[in-house]
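Throughout, read-outs are computed from the coordinates displayed, never taken from laboratory work. Computed from a predicted structure; not experimentally measured. A quick note on method: Cβ atoms are made from the backbone with ideal geometry, for glycine too, and the neighbour counts reach across all protein chains shown.
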Amino acid sequence: MKIFKMLLLLQLTLSYGACYSQKTKMSKEVEEIIMLGKDSIVQLALALIDKKIDPQNFSSIKIMSNEEQVYVSFMNPIKYLPIKSAFYFDLGVAILEQTITYSPVFNGVDETQAQIPFYIPTKEAEKNIQFVIEAINKSNEIDAFDPSSFDDDMIIREHENYYAIHVISETTESSYKIEKTSGNIYDMAHAHLAPPPFD
């Protein structure tokens, strides 16, 4: 019995030591990556991505970390889709795990479409986004919109006579349409989202 207790104690000590050393090693790796600075971390992320992308095509690039991972997030909070199109707008790269996550947004095309590009801003898209923002800011029914401080997710899907707008934040989800000629807003729907059951 005494030998069994000694073996159990030895196994627990070795297991704890292995877990502790791995955590310390991971923390050291994270520290080394963080010390490289933002530009170098972004370059590390770009090297892991299997498609060629231009960081200038994203509205913001954020770097987040904890003791075990460094995560680079490339984002376009305002997503504009012309008629019959699909794009990748956002992607995330976990540097140490070397994993990439991204998903397409569709507007009237088959969701099994094989070739979906990353979004590249165009003058036409910028003009239409500006029209939508001005229509929102002229409306008395929707809060004023400031794209420079917008952190949520707005999808603008172009249709023949209107733009379909879908806005998602942590606590709310809204949808409405904006008529192309007049800028009038109609078919509004608004819902409060339940908070996540845990962080």
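Using modelled amide H (1.01 Å from N, peptide plane; none on Pro or chain starts), what sits under 5 Å from the amide H of Lys180, excluding residues fewer than 5 places away?
Tyr162, Tyr163
Loop only by DSSP, 14 or fewer other Cβ within 10 Å of the Cβ. Give me the GluC sites (Glu not before Pro) in the range 124-199 that pass, ordered by residue number.
Values: sites: Glu124, Glu126, Glu134, Glu141, Glu158, Glu160, Glu170, Glu173, Glu179; in loops: Glu141, Glu160, Glu170.
Passing sites in the range 124-199 are Glu141, Glu160, Glu170.
Pop out the ³J(HN,Hα) list for the range 61-78 in order, Karplus 6.51 cos²θ - 1.76 cosθ + 1.60 with θ = phi - 60°, rounded to Hz; leave Gly and Pro as x.
10, 10, 10, 10, 8, 9, 5, 10, 8, 10, 10, 10, 10, 9, 9, 10, x, 9
Could you list the trypsin sites (Lys or Arg not before Pro) in the range 29-77 that lie in coil according to DSSP, counting only those with at most 14 other Cβ atoms within 10 Å of their Cβ?
Sparse-neighbourhood loop trypsin sites (Lys or Arg not before Pro): Lys51, Lys52.
What is the range 106-170's relative contact order, in percent, from Cα pairs under 8 angstrom and six or more apart in sequence? Don't jump to the answer; show the numbers that get you there.
Working: 36 pairs, mean separation 13.7, N = 65.
Taking the mean separation of contacting Cα pairs over the length of the range 106-170, I get 21 percent.
So how far apart, in nm, are the two label points at Ala144 and Ser59 if each is 7 Å from Cα heading toward Cβ?
1.8
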